[in-house]
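A short write-up of the structure that comes next.
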Amino acid sequence: MKRLLITGAAGSIGSEMRRRLAHLATTLRISDRNDLGEARANEEIMQCDLADKQAVDELVKGCDGIAHFGGQSVEASWEVIRNSNIESVFNLYEAARRHGCPRIVFASSNHAIGFHKQTEKLDADTKTRPDGLYGVSKVFGEAMASMYFDKFGIETACVRIGSCFPAPIDHRMLSTWMSYEDFVSLIECIFTVPRLGCPIIYGASDNDCKWWDNGKTTYLGWRPKDNSEKFRAGLDAKMEPPPASDPRAVYQGGIFTADGIHED
């Protein structure tokens, strides 16, 4: 690509992808509403609030692809979710439509299906069961991606990210963990496969204790290599697994399922 846009580049995942995706494009256009520091070798920085429609239009102009990590990343009040994850997604897809952007990585979340139980095996056709307003916003984003693909041909990979951290921080994450290296290799596949379409992809490494089946997206050629099992002994030494009745042991969304509605 000539120019790849990374939104949310000051966030935990976005900042890692800023460092790791530089090889995918001649120029990385880096964006966030927060400070991004100095531009690196092949970067251009455009600070932007994704709720600002006109600013997003300028942000997307001239880009060949988008890796969208921007927005609210945890549960919050409706006002925060609406501005950061609803208005922003509409603005992004409208800008992509106007400027002919061919391919997008949409950072969806396991919280779009969080009320499924951990005893269930899910695939791309499993119905959504969001576990909060944040999860609802990710279902909205997946629906927008589907409509813009069917109506306008904009291809999007909706990646239901599990837990993308250097290592799992609790026992639930032994099932949801995805290494940065595996996420990079997935994004490489998304931007190089001849035809992408609009798939739902579960973002997790090749963990022994899997809940998710990516069998419907094997055409991408993605083969995650990491496995959370190497962290199990360390977790066991630091903490007890949650009791069987705890939401962290019952539902795939974990503690998010026990949250109430956040008020301002």
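The values are calculated or read from the model by the stated rules, or taken from the named source; none is laboratory data. Please read these numbers as outputs of a predicted model, since none were measured by experiment. We place every Cβ from the backbone using ideal geometry, glycine too, and count neighbours over all the protein chains shown. We work out accessible area using only protein heavy atoms, side chains counted, and drop any ligands, DNA or RNA first. Shrake-Rupley method; radii C 1.70, N 1.55, O 1.52, S 1.80 Å.
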Inset, instruction - Confirm whether Phe106 is among the hydrophobic types (A, V, I, L, M, F, W, C), open to solvent by 10 Å² or more (accessible area, probe 1.4 Å) and within 17 Å of the chain's Cα centre (by Cα). - result: no
Inset, instruction - Report the residue count in the stretch 193-211 for those that are of a type in the set (D, E, K, R) and in contact with an Asp or Glu (Cβ under 6 Å, 6 or more places away or on another chain). - result: 1
Inset, instruction - Filter the stretch 38-48 down to residues that are in contact (Cβ under 8 Å) with a residue 12 or more places away in the chain, open to solvent by 90 Å² or more (accessible area, probe 1.4 Å) and not hydrophobic (A, V, I, L, M, F, W, C) and give me whichever is farthest from His68 (Cα to Cα). - result: Arg40
Inset, instruction - Pairs only if they're at least six apart or on different chains, beta carbon under 8 angstrom, first in the stretch 189-214 and in contact (Cβ under 8 Å) with a residue 12 or more places away in the chain and under 29 Å from Lys230 (Cβ atoms), second of a type in the set (Asp, Glu) and part of a loop (DSSP other than H, G, I, E, B); list them, first residue then second. - result: Tyr202/Asp213; Ser205/Asp226; Asp206/Asp226; Trp211/Glu120; Trp212/Asp123; Asp213/Asp123; Asn214/Asp123
Legend entry - Lone qualifier among Asp131, Asp170 - being among the acidic types (Asp, Glu), over 16 Å from His68 (Cβ atoms), surrounded by 21 or more Cβ atoms within 10 Å (Cβ to Cβ) and in contact (Cβ under 8 Å) with a residue 60 or more places away in the chain: Asp131
Inset, instruction - Check the stretch 21-37 and report whether any residue there is open to solvent by 60 Å² or more (accessible area, probe 1.4 Å), in a helix (DSSP H, G or I) and not β-branched (Val, Ile, Thr). - result: yes
Legend entry - Residue list for the stretch 201-223, restricted to those being within 18 Å of Lys121 (Cα to Cα) and open to solvent by 30 Å² or more (accessible area, probe 1.4 Å): Asp206, Asp208, Cys209, Lys210, Asp213, Asn214, Gly215, Lys216, Thr218
Inset, instruction - Inspect the stretch 249-264 for any residue being open to solvent by 70 Å² or more (accessible area, probe 1.4 Å), part of a helix (DSSP H, G or I) and either of a type in the set (Ser, Thr, Tyr) or in contact (Cβ under 8 Å) with a residue 24 or more places away in the chain (or both) and give the result as yes or no. - result: no
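Quick grid of which residues meet (1) free of Cβ contacts under 8 Å to residues at least 60 places away in the same chain; (2) in contact with a Ser or Thr (Cβ under 6 Å, 6 or more places away or on another chain); (3) in a helix (DSSP H, G or I):
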{"position": "Trp222", "(1), (2), (3)": "yes, no, no"}
{"position": "Lys225", "(1), (2), (3)": "yes, no, no"}
{"position": "Lys230", "(1), (2), (3)": "yes, no, yes"}
{"position": "Pro242", "(1), (2), (3)": "no, no, no"}
Inset, instruction - Scan the stretch 231-248 for residues that are among the basic types (Lys, Arg) and surrounded by fewer than 11 Cβ atoms within 10 Å (Cβ to Cβ) and jot them down. - result: Lys238
Inset, instruction - Assess whether Ser245 counts as being in contact with a Lys or Arg (Cβ under 9 Å, 6 or more places away or on another chain) and among the small types (Gly, Ala, Ser). - result: no
Inset, instruction - Identify all residues within the stretch 54-87 that are assigned to a helix (DSSP H, G or I), acidic (Asp, Glu) and either under 20 Å from the mean Cα position of the chain (by Cα) or surrounded by 23 or more Cβ atoms within 10 Å (Cβ to Cβ) (or both); write none if there are none. - result: Glu87
Inset, instruction - For Ala51, state whether it is open to solvent by 20 Å² or more (accessible area, probe 1.4 Å), among the hydrophobic types (A, V, I, L, M, F, W, C) and either at pLDDT below 95 or part of a loop (DSSP other than H, G, I, E, B) (or both). - result: yes
